[in-house]
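Laboratory data are not the source of any read-out in this text; all were calculated from the coordinates shown. Keep in mind it's a predicted model, so treat the numbers as computed, not measured. Because the Cβ atoms are built from the backbone with ideal geometry, glycine has one as well, and the counts that use them run over all protein chains shown.
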Amino acid sequence: MYTALYRSHRPEVFDEILGQEHVVKILKNQVASGSVSHAYLFCGTRGTGKTTTARILAKAVNCLSESDRPCGVCEHCIAIKEGNFIDVMEIDAASNNGVENIRELRESVKYPPAAGRKKVYIIDEVHMLSTGAFNALLKTLEEPPEHVMFILATTEPQKLPATILSRCMRLDFKRIPQKVIAQDMAAICAERGVDISDDAARLLASCADGSVRDGLSILDQVLAGGDKYIDREKVLEYVGTTGEEFFIDLTELVSLRKSAKALLLLNDVLTEGKDVKQIMKDWVSHYRSLLITKFVDDAEDMLNMSAENLKRVSEQSRRVSVEEIDYAVTKLSKTINDARWSTNPRVLLELAIVSIASDGGVGEAEFRPAVSKPQRIPETPDRAAAANMNFEAPAPRHTAEKEMKPPEPEHDREILNRSTAPPADVNKGGMLQEESYDSLWHSIFEEGEDNAGSFNLIRSGSRLHHVGDDNFTVVTGSGFTLRYVEQKRPELEKLMEKHMGRPMKLICRLEGDLPSESASDESETEKIAKEAEELLGINIEIE
Ligand SMILES: [Zn+2]
């Protein structure tokens with residue numbers, strides 16, 4: 001019988017676990033010193049090795065070997081591997097999420113292990129338990145018998161009650177680096193006498209997106225073809241990724257606001273049988289490539305791309321603004337999400353194309369909202385309406401940008417830094433308050449679950465302007481950051497509530513859109529105008 005790669009290549013001992021060195025180090029240490037915890041929480045996205053590691057840990061505490069546990073070859077290790085060791089129980093919380101299931105578990109916890117040293121309960125997708133089940137589980141976690149170990153695994157730790165979190169030793173599983181997955185793929189191919197090119201292995205790894213399981217299942221399909229040599233083209237046949245060429249053209253068309261041509265181009269590749277959802281994902285990757293090549297000179301390592309394609313992408317990146325990329329990625333991410341539940345994902349992508357072509361990005365020039373100059377995001381409905389009126393007319397924005405050089409990374413960083421600095425006019429007599437707002441704003445991120453990505457962006461691109469009784473006002477230097485703040489609204493409100501001990505509503509404003517205080521901006525302008533009038537002897541009107 002054929003066994004899927006991800007089963008036949010499942011790590012059996014600690015050292016075979018891929019890309020989770022930090023977790024392995026802790027667990028090996030605890031096993032060796034006999035100081036294992038009675039409850040673990042393994043967090044991380046799918047395919048990062050949580051369940052595999054849980055099984056290895058279960059083996060380690062029951063292994064018969066004297067040293068280097070688990071050995072992987074003793075009676076107990078083999079029985080656990082085959083899933084028929086009486087003292088190791090795996091429970092899928094997605095399908096056993098009721099109170100009764102946990103009560104049963106509590107009953108069985110009382111009895112000592114029948115064969116091994118410890119009874120190990122592995123509860124997968126633990127966030128799926130019902131509230132009643134959580135409460136029942138909590139009682140067991142509070143006073144666990146010496147002979148019991150719980151390993152809870154979850155992709156969504158934020159859904160777990162704090163009472164559960166506080167009773168477990170939490171270990172976070174990272175997405176596995178592409179390089180590590182690519183090496184693993186190459187090794188598996190070598191074992192089977194199959195030659196795989198470097199760029200094919202890199203492409204496989206990039207499709208796996210940090211999940212060994214996903215990578216192996218694609219490799220499974222590719223190997224099933226029976227070829228003795230696998231190159232990039234071969235992999236592309238299986239993963240159905242449409243070539244970079246297509247995305248360069250598609251992006252060019254929407255950037256030139258040629259919706260009709262873009263829709264026809266999409267139609268062409270769909271007729272060839274390409275998968276519409278895959279196209280959405282790959283298009284996002286293309287925008288990412290544009291973003292990376294805009295800022296990174298030597299991006300070959302970061303992007304899995306041939307040198308020729310890289311050159312073309314890099315050329316295109318000079319013509320597409322960061323705002324356009326931001327708009328398209330936000331729009332496409334939402335489309336991908338909506339497409340999951342849609343019976344007709346194609347129309348969603350078509351809508352996205354029209355929307356990006358008519359509404360995408362406001363051009364490089366407007367992506368420089370320095371604090372001193374108030375900026376406003378144009379009203380979306382108006383812009384959409386305006387764009388619809390001259391649906392096919394190429395907009396001047398693109399031509400204007402063609403000659404524009406990509407922004408220097410330093411320069412943009414400077415903008416972000418500047419936008420965090422409080423504007424001088426807000427500070428009158430309130431320096432201390434301003435400072436404490438700043439430290440409050442930064443400290444709430446210390447408590448955040450997710451300190452990477454958009455949180456970092458928010459942290460550096462915004463400031464806390466005001467804290468009221470039941471609301472708080474956050475000011476951002478750019479519409480770009482504003483959108484991230486809006487996206488993270490639930491998390492930010494929750495963090496603030498935790499900090500203040502009462503429900504807090506987020507009010508988000510663009511720097512310069514503040515109602516009263518920034519009015520002094522205007523008087524400043526008036527003052528300058530007056531001086532100019534006096535100097536030049538003419539009348540200056542301020543709009
Ligand atoms: Zn063993």
If each residue's Cβ is checked for other Cβ atoms within 10 Å, how do Cys63, Cys74 rank with the fewest at the top?
-> Cys74, Cys63
In cubic angstrom, how much convex hull volume per residue do the alpha carbon atoms of the range 121-237 span?
-> 138
Mean 1/r over distinct Cα pairs of the range 178-239, inverted to a Kirkwood Rh in Å, yields 10.9
Listed by chain and number, the lysines with an alpha carbon less than 17 angstrom from that of Lys294, same-chain partners under 8 positions apart left out, are Lys311, Lys402, Lys405
Normalized C-alpha radius of gyration of the range 1-113, against 2.2 N^0.38 Å?
-> 1.12
Among Met504, Met185, which comes first, second and so on when ranked by fewest other beta-carbon atoms within 10 Å?
-> Met504, Met185
How would you order 289-297, 24-32 from highest to lowest mean count of nearby Cβ atoms within 10 Å?
-> 289-297, 24-32
Tally Lys/Arg at +1 and Asp/Glu at -1 over every other residue whose Cβ is under 9 Å from the Cβ of Arg502; what's the total?
-> -3
Between Asp268 and Asp198, what is the FRET efficiency for a Förster distance of 35 Å, r being their Cβ-Cβ separation, to the nearest 0.05?
-> 0.70
Would you list His466, His127 from fewest to most Cβ contacts within 10 Å?
-> His466, His127
Ordered by packing density, taken as the mean number of other Cβ atoms within 10 Å over each peptide's residues, highest first, how do 85-94, 473-482 rank?
-> 473-482, 85-94
Which chymotrypsin sites (Phe, Trp or Tyr not before Pro) in the range 1-66 pass both tests, a DSSP loop state and at most 16 other beta-carbon atoms within 10 Å?
-> Tyr2
Subset of Lys159/Lys505; Lys274/Lys331; Lys179/Lys498 violating a 31 Å alpha-carbon distance limit = Lys179/Lys498
Kirkwood-based Rg to Rh ratio, the range 190-343, C-alpha trace | 0.98
